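Undergrad: Okay, handing you the structure first.
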Amino acid sequence: MKLLIGVLAGLCAFGQAAAEANKSYQSEDGRKRMVETLTGEHRDARQKPKELIAALGVKPGMRVADVGTGPGYLVPFLCQAVTASGMVYAEDIFPDFLAKAKERAAANGCGQAQFVLGDAKSPKLTPNTVDLILILDAYHHFDYPESMLAGIRAALRAGGRLAIVDYYKRRGAMSNPNPDFAISHIRLDDAAVVKEVEANGFKLVSNQPFLPGSQYMAVFEKR
């Protein structure tokens with residue numbers, strides 16, 4: 001019996017690791033409610049998208065993928081940074097989120113944006129095509145991080161980088177009436193994220209606070 005329990009626990013470890021964090025995204029109504037939260041203008045002051053893109057060194061002509069784009073909050077900012085000579089790949093696993101991302105891109109003149117329907121185990125990006133993959137507030141939603149990281153690694157060109165910007169798994173890290181919300185919602189704190197990513201073919205370049213007390217920015221290159 002103990003052996004069976006151990007096997008089942010091991011299987012769960014490779015199963016839906018982020019089931020708790022993903023509850024509100026499992027229905028179309030839930031995702032509709034999230035659109036305003038994820039794309040409202042109020043988010044700019046909190047998320048600091050222009051400062052984020054500058055910190056990542058996004059330049060004209062780059063090919064950048066926004067994995068877990070949701071309704072495409074970052075897409076206009078990325079399009080502006082890479083200019084018409086670059087490319088932005090907006091990836092998500094929900095068609096309704098991608099439809100909203102397309103609307104947002106069109107409203108902001110992002111003609112160089114392409115939209116990719118991935119799934120829970122793969123971003124479905126073309127191998128060896130991307131200079132930078134950014135995962136903003138989405139890594140903690142990965143149900144199958146090992147599989148996703150394999151697909152992300154394959155999509156990066158030689159010298160390409162992966163940037164994870166996410167919340168700390170700490171009290172008060174997220175703007176929620178419950179100060180302990182981040183502790184239950186976020187799967188791993190930054191040190192554990194670094195360990196997990198490095199175990200899947202990446203080397204840490206830097207890990208530093210982005211929004212002090214709230215978010216970190218961990219940048220990796222593929223090995």
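Undergrad: Which of the helices (runs of 4 or more DSSP H) contained wholly in region 1-79 include at least 1 residues that are open to solvent by 30 Å² or more (accessible area, probe 1.4 Å), in contact with a Ser or Thr (Cβ under 9 Å, 6 or more places away or on another chain) and at pLDDT 60 or above?
TA: In region 1-79, the matching helices (runs of 4 or more DSSP H) lie at 28-39, 42-47.
Undergrad: Go through (1) under 30 Å from HIS42 (Cα atoms); (2) crowded, with 19+ Cβ neighbours inside 10 Å for GLY160 and report which single condition fails.
TA: GLY160 satisfies all of (1) under 30 Å from HIS42 (Cα atoms); (2) crowded, with 19+ Cβ neighbours inside 10 Å except (1).
Undergrad: Could you tell me whether ALA90 is outside any strand (DSSP E or B), of a type outside the set (D, E, K, R), farther than 18 Å from ALA218 by Cβ and touching a Gly at 6+ places or on another chain (Cβ under 7 Å)?
TA: no
Undergrad: Go over the candidates ALA154, ALA182 one by one and state the one that is assigned to a helix (DSSP H, G or I), open to solvent by 20 Å² or more (accessible area, probe 1.4 Å) and free of Cβ contacts under 8 Å to residues at least 40 places away in the same chain.
TA: ALA154
Undergrad: Okay, next question. Looking only at residues that are aliphatic (A, V, I, L, M), open to solvent by 40 Å² or more (accessible area, probe 1.4 Å) and not in a loop (DSSP other than H, G, I, E, B) in region 93-125, which one is nearest to ALA163 (Cα to Cα)?
TA: LEU117
The values are calculated or read from the model by the stated rules, or taken from the named source; none is laboratory data. As the structure is a prediction and not an experimental result, all values here were calculated from the model. Please note: Cβ atoms are built from the backbone with ideal geometry, for glycine as well, and neighbour counts cover all protein chains shown. Keep in mind that these areas ignore ligands, DNA and RNA; they rest on the heavy atoms of the full protein, side chains included. Shrake-Rupley method; radii C 1.70, N 1.55, O 1.52, S 1.80 Å.
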